[in-house]
Amino acid sequence: MKSKASIKSHPLHPILVAFPIAFFTGTFLFDILFLFADNEDHLTTAEYLNIAGIVGAVLAAIPGIVDYFTVVPPASSAKKRATKHGLLNSTVLIIFIVLYFRREDIMITTVHMVLETLAMILLTIAGWMGGTLVYRNQVGVDIRYASAGKWNEEYLDKKSGEIEVATTGELEVNQMKLVHINGKRIVIGKTEDGFVAFDDRCTHRGGTLAGGSMICGTVQCPWHGSQFNVTTGEVKAGPARTKITTYELTISGHKVFIRL
Ligand code: FES
């Protein structure tokens, strides 16, 4: 049985992250304004922005967690980066929660400002990591293949034996799809010579090969450009040095099967 899912990041993730960044920055700026202008209205504004930032951060964390477990390639440099990104954001959230409950009526202490400054620095680093995840690791990029094919991803729940992974008319030459079988991520592609199957994990730093491009029997990793022969798994260009695992496929009628 097959079920379909999207490889794209959760659509609310890039929208919701803007709110905690804006509200926490506003909290910081209005606290500084209060220190210089000694106007209680600034302190009240900072307090409301602090609450809004906490709510926004909690809401933004939900699609972030979904993306962490479903979209970021496992055992990759992106997974490590995403882990740090999540931990930094969590630390920022905890700091602003603690600071909110420590706010005193008409006072801002030095410790308060030091912690808030630290939180802003961590928020900046976390934001930079989030940008790197999108722009370098291409997490959440809406990919198109040769002939404008859309990335198709399927979760297959059959555990053993011959597993149907595609139909013969499903892909055009140089198009790929990603299938999840028993926790494995396997790319099914179509070359000029027929169907191929190989691990989705680039042996350099774990880039998703299904997110790369395939042409003339060679797949190129989107992260640093390593190239692999999709039939033998051999490295054709580095920085990867280790071949990828390939799998044999059989075709029966209009169906393509893999045996793991
Ligand atoms: S992860 Fe570096 S080339 Fe693939």
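What the Cβ-Cβ distance of Leu29 and Asp157 gives, at R0 = 51 Å and to the nearest 0.05, is a FRET efficiency of 0.50. Under 18 Å of direct C-alpha separation, and excluding same-chain neighbours fewer than eight residues apart, Lys190 reaches these aspartates and glutamates: Glu153, Glu154, Glu164, Glu170, Glu172, Asp199, Asp200, Glu234, Glu248.
Across the stretch 42-49, computed HN-Hα scalar couplings (Karplus, 6.51 cos²θ - 1.76 cosθ + 1.60, θ = phi - 60°) run 5, 5, 5, 4, 4, 5, 5, 5 Hz from first to last residue, x flagging Gly and Pro.
Explain nothing, just the number: relative contact order of the chain, from Cα pairs under 8 Å at least 6 residues apart, as a whole percent. List each step's numbers first, then the result.
Values: 452 pairs, mean separation 42.1, N = 260.
Averaging sequence separation for qualifying contacts and normalising by length gives 16 percent for the chain.
Other residues within the sphere of radius under 9 Å centred on the Cβ of Gly149, judged by their own Cβ, net out at +2 (K and R +1, D and E -1).
Anisotropy class assigned to the stretch 169-260 is prolate, per the alpha carbon gyration tensor with a/c at or over the 1.5 cut-off and a/b larger than b/c.
What's the Cα-based Rg to Rh of the stretch 9-135, Rh via Kirkwood? Please report the intermediate quantities before stating the final value.
Details: Rg = 15.6 Å, Rh = 15.1 Å.
Radius of gyration over Kirkwood radius for the stretch 9-135 works out to 1.03.
Relative to the longest principal axis of the Cα atoms of the chain, the long axis of helix 77-102 makes an angle of roughly 20 degrees.
If we count every other residue with Cβ under 14 angstrom of Gly169's Cβ, Lys/Arg +1 and Asp/Glu -1, where does the sum land? Neighbourhood net charge equals 0. Under a GNM of the chain (C-alpha, springs under 10 Å), which listed residue has the highest mean-square fluctuation: Arg136, Arg205, Arg102? The residue with the greatest mean-square fluctuation here is Arg102. Each label point was placed 7 Å from the Cα along the Cα-to-Cβ direction; for Leu87 and Lys243 their separation is 3.7 nm. Listed as lacking a disulfide-compatible partner in the chain: Cys216, by the criterion of no other cysteine Cβ under 4.7 Å.
More than 21 Å apart: what percent of Cα pairs in the stretch 101-214 qualify?
Roughly 55 percent, once rounded to a whole number.
Does the chain classify as rounded, prolate or oblate by the C-alpha gyration tensor (a ≥ b ≥ c root eigenvalues; a/c under 1.5 gives rounded; else a/b over b/c gives prolate, otherwise oblate)? Don't skip to the end; give the middle numbers.
Working: a/c = 3.51, a/b = 2.83, b/c = 1.24.
The shape class here is prolate.
What's the local net charge at His85, with K and R +1, D and E -1, over the other residues with C-beta under 12 Å away?
Numbers: positive: Lys79, Lys80, Arg81, Lys84; negative: Asp67.
Its environment carries a net charge of +3.
For the stretch 9-135, relative contact order (Cα pairs under 8 Å, six or more residues apart, normalised by length) works out to 29 percent. Highest GNM mean-square fluctuation, the chain, Cα pairs closer than 10 Å: which of Val98, Val173, Val72? It is Val98. Among the listed pairs Lys158/Lys184; Lys184/Lys243; Lys79/Lys243; Lys84/Lys177; Lys158/Lys255, those whose Cα-Cα separation exceeds 19 Å are Lys79/Lys243; Lys84/Lys177. Counting 0.36 nm for each residue step from Glu40 to Val98 and taking away their Cα separation leaves a gain of 18.8 nm.
Bear in mind these aren't lab numbers, they're just calculated from the coordinates by the rules spelled out. All of these numbers come straight from a predicted model, not from anything done at the bench. All Cβ positions, glycine included, derive from the backbone under ideal geometry; neighbour counts span all protein chains shown.
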